[in-house]
Every structure is written in structure tokens, then in C-alpha cells.
Amino acid sequence: MEEKHYEQIKETVYSDTLENGLQVYILPKQDMAKSYAIFTTNYGSIDQSFVPINKEEVVTVPDGIAHFLEHKLFEKEDRDVFQDFSKAGASANAFTSFTKTAYLFSATSRIKDNLMTLLDFVQDPYFSDQSVEKEKGIIAQEIRMYDDQPDWRAFFGTIKSLYHHHPVQIDIAGTVDSINKITKEDLYTCYHTFYHPSNMVLFVAGNVDPQETMQWIKDNQLKKSFEPANAIKREFPDEPNDVAQTKVDINMPVSVPKALVGIKEPQIPDAPEEFVKKEWMLDITLDYLFSKSGVGYERLYREGLIDQSFGYEAHLERNFGFTIIGGNSQEPEKLAEVLKDELMNLKQHQFDQDTFERIKRKKLGQTIRSLNSLEFIASQYSHYQLLGIDFFESIHSLELLSYEELDSFLRTWIDENHISTCFVKSE
């Protein structure tokens, strides 16, 4: 077991890669009353076309299958796994994103019992034709519920305007039509390909003993057998650099219209250090423009174009990236126009070194404060580990970021061909 100490944040992570390929990370925090564990597979909604384990030909599975699989793993032949966690005093959950699926729990006692439950239920799939058909109705209802939410429709409407072919434009849950095509065999194919231990990360944090906890995990894994697995071959369509549509209109019953501006990231750095650097530069730039103390936000607020719903977010992954900015507005077209104006004139802003250093200190402080949350640490560490990046070292990357690097980024970030708008208005 390796031990890595991070002097800057006074934390030590214990890690090991088990014989079956599972990467395990343990962060002891004895001052915490609770413990938290997250078991993550490098498999999300965009992984639709791939070569199944021990096969040679590429297959394409129905949209929404990763999310469907997440639901089904909790249901066993004789019980619902949520009950197992509840009986042991734990709160459990799971989520599917574009690139990963994660299963988690938090508890203040019986940590070993809950950790074994987490490992065992994820590594013991049970799917029947009858249970799969039953689940289709449940997930179809969930899809329809999200279809009625203006924020969700606007979010995916913006992504669809950005991308021509990339599966990131497809709703994580799929569509009612696509999930109705899912079979028990599809689920097993995806499960055995992507849920191999060598494609997964387990992170445990909290009031635990690292040596004891690691031994629990090793003993658990030694009782199980897994086929040898090669690197997973995934296929993605070629994606042009420009946006698919410059404008998308969505009509649905809303009391206040919405306007979102999307920015497509055509160039994703391959090197981990450059990837992290780009994330920080995006974060700093968006803060400078659109945080509540930002120059762009002041203009939007002064002109009465936004309310408390206004926000922004940036997503950067291995083979796609985008930023979305906007919210409710009584003048959605004008809001979009001003947002694009702020972005296109970014080079003219007086983003001096003092401003850069101030925002950098702010970001560093926010990140350090976030380390008080076990959930934040575990999810972020797991996320970056699947990208080949050490999350705690990424904090040091922020400290090393120079004004000259950001200035160079600002001069090349925005291209008019990479911007789209999405409006949600009343029918």
C-alpha cells in the first residue's frame, strides 16, 4: 500500500491497485464523525459504441443504458439493496453522468458492513426479462418528468445546439423510445465490459483506519473472480469544431422565458497538466465575467436582464467540453445578445495581473474550504483519477498558473463559430 502526503493541505492518501485491477484510495479523517465511500466506474451515457469484453466487433447500444444499468443494480432477485444500507444505518445513492457511474454511501457506524454491501451489490448483477420490463415504465416516467422541467430542457437544448454528432447531446436517461429497446442481454454486455474492477475506482474517506479498511477490501475482492480484461475500445463519431446550430427555440409553458449561451470547446488538451490548467483558466475567466462581482454580471444586473436564476458552468472531459451561461429573463434575446457581446469583447477587458491574482486567491480559498466535505473530496478525487489526474495536485496547478498563461488563453478562447444560444419561451 502506498502512502502519499500532501503538505499543502495536510492530508495523506493511502492507495493500492489490487490484483484484479481495482484502484483503491483511502483518506483517513479521524476528526470526522462519519465516513463516506464512492465506487465509480469509467462508464457514462456517452459510451454507446464499443467493443464488448472478449469480442472483436463494435456494438452500439440504446441511448440511456448506463443510467438504466445504474437503476437495475440496486434491485436483486430477493430484495432492494437500499434496504440493506438502511438496516446498517447508512444513506446510499448513485448517479450517472456523461462519463461515469458512481455508487455511494455515508454512515457513522458499521462502516465495514456498509462497505461490503457497496462492493457486493455493484459486483453482483441480477437482471431478468420481467424486472427489465418493469424498470422501463419507471424510467419512462422519470424521463417525462424531466421533459417538463424548463431548466433541464434548456440545458440539453443548449448542448444539442453545440454538437452535430457527439453523444453528449443525448439526454443521460435516453428517451422513452430508446429505453424500450433495452434488453437484459444489453445490460449484461455493458456490465461485463465496463464494470470490470480494472475500469473502476473505490475511494473511502472519513473516520477509518487505512490499513484495516484496505484489508477489508482486499479480502472481499479475493473471494471473487473476474475474467482478464484488455483496455476497453470505445468509438465516437467525428465532431466538427463549429456548432451544430447557432440558435435553438424551445416552446413550453413557462412564466418567465430563459436564455442560455453555449460555448463549444473543440480543443481538449491530452496532457493531464494542460487539461487541469485549462479547467482553472475557464473557471477564473467565468468568475471574472459572470460571478456576482464580475464585470459582465454588473452590466446584466444594471440593465435588469437577470434574476437569481442566473448562473454558469463549464464541463471539460476527455473528448468534449462546453460552457453554458444564462438563466431567466424578461428580455431573453437581449440577455443572449449582451452575453455574447461580453464574450466576444473579452480581449478588450482590462484583466490585469492584480485582478488575476485576486481571483486566483479566491479560487484557492474556495477549494481549500471545500475539502471540509467528504463528499466533495471523494467525488472529485475519483473523477480526476479516472482522467489520470491527482486531484490534490491539481490544486497546486492553480498556484503555479501565471498571468501570462491566462492572457494567452483569453486571446484565443472565444470564436464566434463556437457559440450558440438556446431560448425557452411560453407556447
Next on the checklist: Output wanted: per-residue J couplings in Hz (rounded whole) for segment 406-413, from phi through Karplus 6.51 cos²θ - 1.76 cosθ + 1.60, θ = phi - 60°, x for Gly and Pro.
Outcome noted: 5, 4, 5, 4, 4, 6, 10, 5
Item to check | Proximal aspartates and glutamates to residue 218, defined as alpha-carbon separation beneath 20 angstrom and excluding residues fewer than eight positions away on the same chain | outcome: 2, 3, 16, 19, 113, 120, 124, 209, 227
Next on the checklist: Taking the 0 to 90 degree range and rounding to the nearest ten, how far is the long axis of helix 391-400 tilted relative to the main principal axis of the chain, both from C-alpha atoms?
Outcome noted: 30
Next on the checklist: Using Cα-Cα distances under 8 Å and only pairs 6 or more residues apart, what relative contact order does segment 2-235 have, in percent?
Outcome noted: 36
Checklist entry - For the charge dipole of the chain, defined by +1 on Lys and Arg C-beta atoms and -1 on Asp and Glu C-beta atoms about the Cα centroid, which residue among 154, 102, 89 has the Cα displaced farthest towards the positive pole? => result 89
Checklist entry - Tally Lys and Arg at +1 and Asp and Glu at -1 over the other residues with C-beta under 15 Å from the C-beta of residue 32: what net charge comes out? => result -1
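Under a Cβ-Cβ cut-off of 12 Å, what is the net charge of the residues other than residue 239 that fall near it, where Lys and Arg count +1 and Asp and Glu count -1?
Net charge in that neighbourhood comes out at -2.
Taking 28 Å as the cut-off for C-alpha to C-alpha distance, list the pairs among 362/425; 72/247; 100/363 that go past it.
362/425; 72/247
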Checklist outcome for this item: In whole angstrom, the spacing between the Cα centers of segment 1-47 and segment 254-333 equals 31
Checklist entry - Which lysines have a Cα lying under 17 Å from the Cα of residue 76, excluding residues fewer than 8 positions away in the same chain? => result 87, 134, 136, 184
Checklist entry - In the structure displayed, which of 292/360; 4/223; 160/264 lie more than 18 Å apart, Cα to Cα? => result 4/223
Checklist entry - If contacts are Cα pairs under 8 angstrom and at least 6 residues apart, what is the relative contact order of the chain in percent? => result 22
Checklist entry - Taking the Cβ-Cβ separation of residue 71 and residue 2 as r and a Förster radius of 35 Å, what is the calculated FRET efficiency to the nearest 0.05? => result 0.50
Checklist outcome for this item: Other residues with Cβ under 15 Å from the Cβ of residue 412 give, with Lys and Arg +1 and Asp and Glu -1, a net charge of -2
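Quick one: which of 281-290, 333-342, 138-147 comes out on top by average Cβ neighbours within 10 Å, and what's the full order, highest first?
Highest to lowest by the protection proxy: 281-290, 333-342, 138-147.
Only the coordinates and a few stated rules stand behind these numbers; no lab work does. Bear in mind that the values here come from a model prediction, so they are computed numbers and not experimental data. Reconstructed Cβ throughout: ideal geometry from the backbone, glycine too, with neighbour counts over all protein chains shown.
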